[in-house]
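Structure first, commentary second.
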Amino acid sequence: MRPIRLRRAVVLATATLSIAGLVGCSTTTGGSTAGGDVPQELVVAAWTPIENLDPHGASAMDNGTQVAAKAIYSALVRTVGKGQFEGVLAESWQPNEDATEWTFRLRGNVTFSDGKPVTSADVVASFNRVLELKGAMASNYAGHEAKESGADTVVITSKDPDPALLGKLSTFYVTPAAQEKWDKPVGSGPFVVERFTPGQSLVLAPNPGYWGGKPALRRLELRSIGETAARMTALKTGEVDLTWAVPDDQLPGLQANSDLVVEKDQGNGVITMWMNSSAKGLGDPAVRRALWQAVDFPTIVTSLFPETGSVADSVVTPNVLGYAPQTPVKYDQAAAKAALDKAGWDYDQTIRFQFSQPQFQQFTDAVASDLAKIGVKVEPIQKESAVFLQDLLALNWELNIQQLGTAGFDAATNLGRLYTCAAKRMGYCNEDLDKLLAEAGSTSDTAKRQELYAQANKIIWDDAVGMYPMYVRTLYVRNKSVQGFTVPQDLTPDFSKVRIGGDG
Amino acid sequence: MSAITVRTRLWPVRLRSTPAVATAAAVVLACYLLVGLVGPLLIPYDPVATSVADRLLPIGAVRQDGTLALLGTDGAGRDMLGQLVHGARTSIVIGVSVVATCLAVGLALGTLAGYLAGWTDVAISRLIDVLMAFPGILLAIVIAGLFDQGMLVVVLALSVAGWVAFARLARGLTLSLRVRPWVDAARLIGVPTPVVIVRHIIPFVIGPVTALATTEFAGAVLSEAGLSFLGLGLPSSTVSWGQVIANGKDYLDTAWWISALPGLALTGLVVSTGLLGDHLTQRLGSSR
């Protein structure tokens, strides 16, 4: 019996030791957190799922990818307001006289998370990648070329003058020239990827070598919670510390909770409902205008979005360069019906109305209801976001709804990127508009550009390329322990300065 | 058949088996049927028409145009009463269609398997085993997900695995019926097999199968609501309680009536069907 007893004793001793070890470990971890008592861990429920970490490809302009990119990579410059920029990787920049050639000097001390320095070769490779992949951003850079000029200087030239380049570059992120693993990419941003499950969760750790100083957070998780109710519950229970794009209807329940802080951004988004001009019957501007006229948007906006919505009067928001107020489209069903009859609208045709995010559910239902009153059949179809994006680019819809922001607060990244014939985003092609946009994109005089974009705005609005019913402000709700967070104006929060305080 | 009434139960049976409870359940069911049949004629409801100015009105509130929203409105301003009444019709139609399909298929295959025995029985029984090994609702989700949304697809999806219970019951009963004297006699005097099955087997199988049909009805109604809740069931142009419950889940703490009312209606229908089914099983059923 002796050997058995001995063995048992050894097992017991090992078990005791390992338990003691575990306890010891957890005490040390607990004691070593910055700030002493609160773990510096932040869980964020991202508004849209993060499907992809590639900041150059098809989903480059998705909010999820943009949010992730801001944390993992660095851009050359970032927007701080309308027409104001701040260097990120670029230390300084200089356009030539007619803005066809921009010279960027890179910061000297920046390295990627794998320790290699960020060089002009990486910037050029990233830029070329955007052009090659022909993704959502590529049409920003038609006729552009990036060249290195020494290890720390990049020159971006364009065929036509491009004074809006800085605005466009605010969503252009630099990755190493030799990047291979896009599920665990190397970047030079404040965080590095620890684990990524597409569409579900992105776990980030601080980048100790970040040039702007190592972030206070020890762990940052961006989680995708599709269900609004689940997202709000997670916020109330403290499972999630921060989220944004909170629906108006959820506000009363959240405001009652004293642990939560509600903030609103200035708003840069426009609810944009493109009508597919290449679809049957929708090529006629009179039809598109009539459909727009048939929907009582003022009532829908004030009923569904009392906190965050306001009726739009332009294709871009007032804080964007290129904004110009347009004549409101007056709700008049009789006139709409008459115009449709005159244009020979086929009332048996069903308009497929695609959307992805749940906050559009009631909006689309209300639009369908108003159009049904004059006999136009609309079928709202909710799609999973990857399918939605694929169908959107393939023009596999008649009516589409999404929230569009204007990166860099410059119409060049919105009107100039989306409404050209070459972009083929909504089947609309107008050579006059193309000329205007090309001219506006290549004029360096700000006043002249404003004037040209105002004209473009008018064409898009009057031709009813889409319906533009509402400006959106975004509600940000965070736990009050989250500190150092500034509400972003472009829906992409920066977590590098965030820390977790006590209760205060 | 009447001798087989004693069954061991794990819980007190008084509530489930008294005729009074069964009568009450039958009355409740009759009300649902009446609402489903007549209600939609009296209370018009258009699932496409919304009225966002009247959204989220509580029970008994008055709309902007002065009409009464008896049971409130949902997040898009649609009338809750209308949705409940029209949803009742949808639930009953789906439940009846699914049960009818399952009953027809299950009864046919089950009696064939039981009566013919041999390879027919082996083939049908193995098919039943295969389907039993697969969770029914999962199969329904896969089928409903593959096709475009529609009433027919939902009925098909729920019937694919639903007939199995009927077939098993019918087969078991037939196995014991085929050796009864009157069946032997019929066979001996040369009555053709189909006639034997229809005239001498099915009349004795139909009772227990009907009892089973009631519980299957409740299951079908619940499954349809489940599919619609997941967005895989009926298209939004057809009112379904499952959809209404799903629509209200964002408003559970502010506008509880959107999810709670159809939930209660569903519970009432399923519970009373179950109680009636239990009673029928005791009256008509045999040990399954």
Check your understanding: Once amide H atoms are built 1.01 Å from N in the peptide plane, which residues 5 or more positions from A:VAL240, or in another chain, come under 5 Å H to H?
Key -> A:LEU235
Study note, to complete from the structure: With DSSP loop assignment and no more than 15 other C-beta atoms within 10 Å, the chymotrypsin sites (Phe, Trp or Tyr not before Pro) in the stretch A:284-362 are A:TYR347
Practice item. Using a 10 Å cut-off on Cβ to Cβ distances, tally the other chain neighbours for every residue of B:245-255 and report the average as a whole number. Key: 4
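Add -39500 (n - 2.57) for each DSSP H run of 4 or more in chain A, then divide by its residues: what number comes out at 222 nm, to the nearest 500 deg cm²/dmol?
Value at 222 nm, helices only: -9500 deg cm²/dmol.
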Practice item. Could you please report the charge total around B:ALA218, scoring K, R as +1 and D, E as -1 over all other residues with beta-carbon less than 13 angstrom from its beta-carbon? Key: -3
Check your understanding: Among B:GLN149, B:THR238, B:ALA88, whose Cα sits farthest toward the positive end of the charge dipole of the stretch B:3-287 (+1 at Cβ of Lys/Arg, -1 at Cβ of Asp/Glu, about the Cα centre)?
Key -> B:ALA88
Point to revise | Assigned charges on the beta-carbon of Lys, Arg, Asp, Glu; the stretch B:3-287 dipole about Cα centre (debye) | key: 1180
Revision key, fill the gap. The size of the Cβ-based charge dipole (Lys, Arg +1; Asp, Glu -1) of the protein assembly as shown about the Cα centre, to the nearest 20 debye, is 3740
Review point. Using a 1.4 angstrom probe and counting only protein chains, how large is the accessible area of B:LEU284 in Å², to 10?
Key: 70
**Study point:** 10 Å Cβ neighbours from other chains, averaged over peptide A:316-328
**Key:** 0
Exercise for review: Would you tally the net charge around A:PRO95, using a Cβ to Cβ cut-off of less than 9 Å, leaving A:PRO95 out, and scoring K and R as +1, D and E as -1?
Suggested key: -4
Review point. Where does helix A:120-133 land angle-wise versus the long Cα axis of chain A, in degrees 0 to 90, nearest 10?
Key: 50
Exercise for review: Per residue of A:253-261, count partner chain C-beta atoms within 10 Å of its C-beta, then hand back the mean as an integer.
Suggested key: 1
Practice item. Could you state the angle between the C-alpha long axis of helix A:63-72 and the longest principal axis of the C-alpha atoms of chain A, as a value from 0 to 90 degrees rounded to the nearest 10? Key: 40
Exercise for review: Take A:LYS236, A:LYS168, A:LYS342 and sort them by solvent-accessible surface of the protein heavy atoms, 1.4 Å probe, largest at the top.
Suggested key: A:LYS342, A:LYS236, A:LYS168
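What is chain A's relative contact order, in percent, from Cα pairs under 8 angstrom and six or more apart in sequence? Intermediate values should be presented prior to the final figure.
Working: 1053 pairs, mean separation 102.3, N = 504.
Rounded, it is 20 percent for chain A.
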Review point. What percent do you get for the relative contact order of the stretch B:3-287 when only Cα pairs under 8 Å and 6+ apart count?
Key: 25
Practice item. Would you mind counting up the charge near A:THR119? Only other residues with Cβ under 10 Å from its Cβ, with Lys and Arg at +1 and Asp and Glu at -1. Key: -2
Revision key, fill the gap. Everything considered on the Cα gyration tensor (a ≥ b ≥ c; rounded for a/c under 1.5, else prolate if a/b is larger than b/c, else oblate), the stretch A:361-504 must be described as oblate
Practice item. Provide the packing ranking of A:452-458, B:127-133, i.e. peptides ordered by the mean count of other C-beta atoms within 10 Å per residue, highest first. Key: A:452-458, B:127-133
Revision key, fill the gap. With Cα coordinates, the longest principal axis of chain A makes an angle with the long axis of helix A:361-373, in degrees rounded to 10, of 20
Exercise for review: Would you rank A:MET273, B:MET151 by solvent-accessible area, highest first, keeping every protein chain in place and using a 1.4 Å probe?
Suggested key: B:MET151, A:MET273
**Study point:** Cα lying deepest toward the dipole's positive end in chain A, options A:ASN414, A:THR443, A:TYR323, charges on Cβ
**Key:** A:ASN414
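Show A:PHE85, A:PHE363 ordered by accessible area, largest first, where the area counts protein heavy atoms only and the probe is 1.4 Å. Write out the running numbers ahead of the final one.
Numbers: A:PHE85 50, A:PHE363 0 Å².
I get A:PHE85, A:PHE363, largest accessible area first.
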Study note, to complete from the structure: If R0 = 60 Å, then B:LEU139 and A:ASP445, at their Cβ-Cβ distance, give a FRET efficiency to the nearest 0.05 of 0.35
Check your understanding: Which order, highest average first, do B:219-226, A:156-163 follow once you tally other Cβ atoms within 10 Å for each residue and take the mean per peptide?
Key -> B:219-226, A:156-163
Exercise for review: Would you work out which of B:VAL205, B:VAL130, B:VAL105 lies farthest towards the positive end of the dipole of the stretch B:3-287? Charges go on Cβ: Lys and Arg +1, Asp and Glu -1.
Suggested key: B:VAL205
Study note, to complete from the structure: The distance between the Cα centres of the stretch B:242-288 and the stretch A:96-175, in whole Å, is 61
Practice item. Please identify which residues in the stretch A:229-255 have an amide N closer than 14 Å to a label point set 7 Å out from the Cα of B:ASP253, following the Cα→Cβ vector. Key: A:229-240, A:247, A:249-255
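The values are calculated or read from the model by the stated rules, or taken from the named source; none is laboratory data. Treat the numbers as computed from the prediction; the structure is a model and nothing was measured. Heads up, the Cβs are rebuilt from the backbone with ideal geometry, glycines too, and the neighbour counts pull from every protein chain shown. For the accessible areas, the whole protein counts, side chains as well, though only heavy atoms, and no ligand, DNA or RNA atoms are used. Shrake-Rupley method; radii C 1.70, N 1.55, O 1.52, S 1.80 Å.
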